[in-house]
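Chemist: Dumping the structure here so I can ask a few things about it.
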Amino acid sequence: MTIGEKIRKLREEKNLSQKEVALTIELDRSQFSRIETNKSEATVSTLEKIAQTLGVKTAYFFQESQPLEVNAFDKTLVEKVKLIDDLEDQQKNYIYGIIDMAITNKRLKDTLNNALQFAQ
């Protein structure tokens, strides 16, 4: 199940409209709809707000419904990610900010590389 599908399922279980959730998390309803339909990815901070509104931990969106098989290296990484949820909000926000920045930089680099390849 995708993150968007999990968000939609929780929202519907709580009998909330997209508009109600979007207003609560201070997000445009159309943007929230794109997140639910997996047409747009939510930032970590937006996922935190959605999780709080829907009464779950942020980690819920990343949990696999089936057991996740990982090698020894991946297992320590998965365990570390799960421990982030236990940190104080300021520490979590700092870590999520770093992750968001790294992902944004990677996407920008990929976009620029694709543009350069297209231009050649």
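Chemist: Output wanted: per-residue J couplings in Hz (rounded whole) for region 88-105, from phi through Karplus 6.51 cos²θ - 1.76 cosθ + 1.60, θ = phi - 60°, x for Gly and Pro.
Modeler: Those phi angles translate into 5, 3, 4, 5, 4, 4, 5, 5, 5, x, 5, 4, 4, 5, 5, 5, 4, 4 Hz.
Chemist: For Cα Rg over 2.2 N^0.38 Å, several values are listed as (1) 1.22; (2) 0.97; (3) 1.16; flag the one computed from this structure.
Modeler: So the structure-derived entry is (1).
Chemist: Residue by residue through region 50-64, which ³J(HN,Hα) values in whole Hz follow from phi under the Karplus form 6.51 cos²θ - 1.76 cosθ + 1.60 (θ = phi - 60°), with glycine and proline marked x?
Modeler: 5, 4, 4, 5, 8, x, 10, 7, 4, 4, 3, 5, 9, 6, 7
Chemist: Follow-up question, since we're still on this one. At a Förster radius of 25 Å, what calculated FRET efficiency corresponds to the Cβ-Cβ distance of ILE84 and GLU41, to the nearest 0.05?
Modeler: 0.85
Chemist: Tally Lys/Arg at +1 and Asp/Glu at -1 over every other residue whose Cβ is under 10 Å from the Cβ of ILE35; what's the total? Don't skip to the end; give the middle numbers.
Modeler: On the way: positive: ARG8, ARG34, LYS39; negative: GLU36, GLU41.
So the environment of ILE35 carries a net charge of +1.
Chemist: May I pose another question? Based on the mean of other beta carbon atoms within 10 Å per residue, what is the order of 101-108, 43-50, most packed first? Let's see the in-between values first.
Modeler: Working: 101-108: 10.6, 43-50: 18.8.
Those peptides, ordered most packed to least, come out 43-50, 101-108.
Chemist: Assuming R0 = 25 Å, can you tell me the calculated FRET efficiency for the pair SER30 and LEU77, based on Cβ-Cβ distance, to the nearest 0.05? Before the final figure, lay out each step's value.
Modeler: Working: r = 35 Å, r/R0 = 1.38.
That gives a FRET efficiency of 0.15.
Chemist: For region 76-83, in order, what is each residue's ³J(HN,Hα) by Karplus, 6.51 cos²θ - 1.76 cosθ + 1.60 with θ = phi - 60°, in whole Hz (x at glycine and Pro)?
Modeler: 5, 5, 4, 4, 5, 4, 5, 6
Chemist: Moving on to the next point. So, in nm, how far is label ALA102 from label ALA115 when the simple model puts each one 7 Å beyond its Cα toward the Cβ?
Modeler: That separation, rounded to one decimal, is 2.5 nm.
Chemist: Where does each of 30-40, 88-98 land if you order them by average Cβ count within 10 Å, highest first? Walk me through the numbers before you get to the answer.
Modeler: Details: 30-40: 15.9, 88-98: 12.1.
Peptide ranking by packing, descending: 30-40, 88-98.
Each value in this text was obtained by applying a stated rule to the coordinates, not by laboratory testing. Owing to the predicted nature of the structure, the values given are computational and were not obtained by experimental measurement. Reconstructed Cβ throughout: ideal geometry from the backbone, glycine too, with neighbour counts over all protein chains shown.
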